Structures are given as structure tokens and as C-alpha cells.
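Below is one structure; the comments refer to it alone.
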Amino acid sequence: MITSRVSGKIILFGEHAVVYGQPALAVPVNQVFAEAEVLDSPRAGIWINAPDIGFHEKLSRIAPENPLATVVEAVFAELGISLPPSVLRTSPPEGGEKDGIEIKVTSTIPIASGLGSGAAVSVAIIRALSSYLGNPLDDEKVNKIAYEAEKIHHGTPSGIDNTVVTYGKPIFFIKDQPIELLNVAKAFTIIIADTGISAPTKQSVADVRKLWEKNPQKINALFAAAGSIARTARQSIEGGHPERLGALMNENQRILREIGVSCRELDHLTEASLRSGASGAKLSGGGRGGNMIALSTKENAPAIAEALLNAGAKNVVVTEIK
Ligand code: PMV
């Protein structure tokens, strides 16, 4: 049996604008993760079992546009395998040749909430399956396959989610550019709070596109402002001044509200965190629900986390970015 565990992520700055070529910053969140296990199965064929979502199906019976099926097929294609996997094993398993494999996927990352659930599941499957098949794919290939699945989840993804979860490190990301790792000079604390509202990124990305088509000049100016916030944030992080990020988060949140991807619950939680001592707060990811993030000192984090729960957050995670 082969297992792979992949962390979730948050976007610190630049979501949505990143789809239009602006830079964005994202970091892994190790407190939540997806896991894939690949094991021999007595049943013929390739089975995908995702008990969290009540899904257990044979690959040949899954619709081709399903992202789980897409990554499995892409791994076989990348490895140039068209034969049943049992044929490729050097020695048959104990008890004779078995002719099926089961891919079991579990995840503690809430779905459609901006924490990278879809990308983490894809990367976990790609890593576990390619290792099981005796040829673990490198990060670049893993990232490429996960991006294909992101297209199904998101429509027109920038690629930031699959990249940050593949590399598992803080990144400065520009679409279609080589990835740049962020050097976090001084650790800082982020509190992540879940509105409990599941909001598909595909929808918010499509709505932003409509807005952009209607008024490209105005929206491009907002995206450019978000891009410049992301660049300044990078300097603050790499220069050892994370305390400067609070004001930048508030500014980024104003832009996200203006492009219509915040919502009452996200606004409510950001305000609650600011009232209880956070120095900045914003939604994170696609918006319209999902998670918000707040910047805090380590000492104040428990009080802010409690204030967020009192304000209606369904779950709170405190994470150290380093
Ligand atoms: O998957 P989410 O909800 O974290 O959103 C990803 C960030 C977006 O910029 C909204 C979309 C994208 O593809 O970059």
C-alpha cells in the first residue's frame, strides 16, 4: 500500500486578479490535508473510493469530466501505461496475481471553501498512484497533471492552487511564469475562519469575468492595485516585516468587495476579527463564502479565534507561516 498526504493552502493576497496575470501569494496550511492510498484490490479494474463524499466507483464507469478520473487517467498516460497495473508489477502480490487496484481518498479540507481541497486531492492521488506504479512523478509533472484537474474544478484557473499544494511551500505566483518560492524572513500568525458556506470557485470566477467584460478598464485597474499589494506584501514578508501585512490585507479586501466576491458572512467575520485585535483581515480564495483570514500576533491569536467562533465561524484554524 502506498500513501500520500498533501496539505491544504490559503491565498494571502491576489486571488481573482491572479487569473488576469497579476501576482498572488499563497502558503500551505498543514493543519488540513488530503490523503490518497493506493492498494491491491481483489476486484478487477481501477476503483476510486472517496468515503467522505460517498463515492465508490470503477474508473471505466466514471464520467470522463470527473476530476478524480481525469487525474488517474493522466497518471497512466504520463507514465505511458496502457496495460492493467498488475502486469507491470515486478512480482505478483502474495497469494497470486490480483488484477485490480483501489485508490482511496480522504480529506480533512472542507470542500469549496478556498483551502485547496480539489488541488490537494489531485496531488495526493497523482503522487500515490505514480509511486504505486513504480515511477513516482516529479513535482513539475505532478503540478502539470493537477492543473488539468483544476480546469474542471475552476473553469479558467490561474494554477496557483495546484502549484502551492504541489510544492508545499509559500509561493509568489504569476500565471504561466516559473514558480518563485517566498522566503519568509520572520514567522507570522494567521487565523483562518470558515463561514461554513460552500461556494464553488468556478461560479465566482465566472461572475468576475462578466464584470470584467462589462467594464474592463475599471476592473483592470482594481486587479493592478491587487497586484501591487501582492508585490508589496512579498517585500514585507521577505524583508522581515510581517506586521505590515495587516494594512495590505484590508486594502486587498476592499478590492475583493468591489469586484463582488465578498458576502455578508465574510464581511461579518473580517469585522469581528478586526474588532478583537487582528491587524488586518480579508477573504481568501474564490469568496462568496468559504474562509477568511486574519493577521494577528501569536499572543492575541487565541482571543481572536474565540471572537470569530462567537461571531458565527464554523471552524477556526490558527497557523504559523514560516
Ligand atoms: O480555490 P480557491 O477558492 O482558493 O480560489 C483560487 C483563487 C482564484 O484566484 C479565485 C482562482 C484561480 O484560479 O486563481
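Here is how the numbers come out for the structure above:
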read-out: 20 °C / 1.002 mPa s Stokes-Einstein diffusion coefficient of the chain, Kirkwood radius on C-alpha pairs, µm²/s; value: 106 µm²/s
read-out: Percentage of interatomic Cα-Cα distances in the range 151-225 larger than 13 Å; value: 77 percent
read-out: Cα-based helix-to-principal-axis angle, 245-258 vs the chain, degrees rounded to 10; value: 80 degrees
read-out: Taking the C-alpha atoms of the range 179-322, convex hull volume expressed per residue in Å³; value: 105 Å³
read-out: Additional length obtainable on full extension of the chain from Leu181 to Gln203, 0.36 nm per residue less Cα span; value: 5.0 nm
read-out: GNM flexibility winner over the chain from Asn215, Asn252, Asn30 (Cα, springs under 10 Å); value: Asn215
read-out: Local electrostatic count, Thr195, Cβ distance below 14 Å [Lys/Arg +1, Asp/Glu -1]; value: 0
read-out: 0 to 90° range, to nearest 10: angle between helix 201-214 axis and the chain longest Cα axis; value: 50 degrees
read-out: Estimated Rh, the range 2-173: Kirkwood, alpha-carbon pairs, angstrom; value: 16.3 Å
read-out: Unit Cα scatterers, Debye sum, the range 228-275: log10 I(q)/I(0) for q = 0.20 Å⁻¹; value: -0.72
read-out: Nearest 10 degrees, 0 to 90: helix 216-238 Cα axis against the chain principal axis; value: 80 degrees
read-out: Ellipticity estimate at 222 nm from DSSP helix runs (n ≥ 4, -39,500 (n - 2.57)) divided over the chain, nearest 500; value: -12500 deg cm²/dmol
read-out: Evaluated over the range 259-301, the Cα radius of gyration and Dmax, each in Å; value: 10.5, 34
read-out: Amide H contacts of Phe33 (H built 1.01 Å from N, under 5 Å, at least 5 apart or other chain); value: Gly8, Thr108, Ile109
read-out: Cβ-placed point charges (K, R +1; D, E -1), dipole of the range 2-173 about Cα centre in debye, nearest 20; value: 120 debye
read-out: Ranked list, fewest to most other Cβ atoms within 10 Å of each Cβ, for Glu265, Glu180, Glu213; value: Glu213, Glu180, Glu265
read-out: Above-threshold pairs, the threshold being 25 Å between Cα atoms, out of Lys175/Lys298; Lys151/Lys175; Lys9/Lys104; Lys186/Lys314; Lys144/Lys186; value: Lys175/Lys298; Lys186/Lys314; Lys144/Lys186
read-out: Highest-MSF residue in the chain out of Ser279, Ser131, Ser60 [GNM, Cα springs under 10 Å]; value: Ser60
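Quick note: the coordinates plus some simple rules give every number you see, no bench work behind them. From a predicted model like this one, the values you see are computed outputs, not experimental measurements. Don't worry about glycine lacking a Cβ; one is built from the backbone with ideal geometry, like all the others, and counts go over all protein chains shown.
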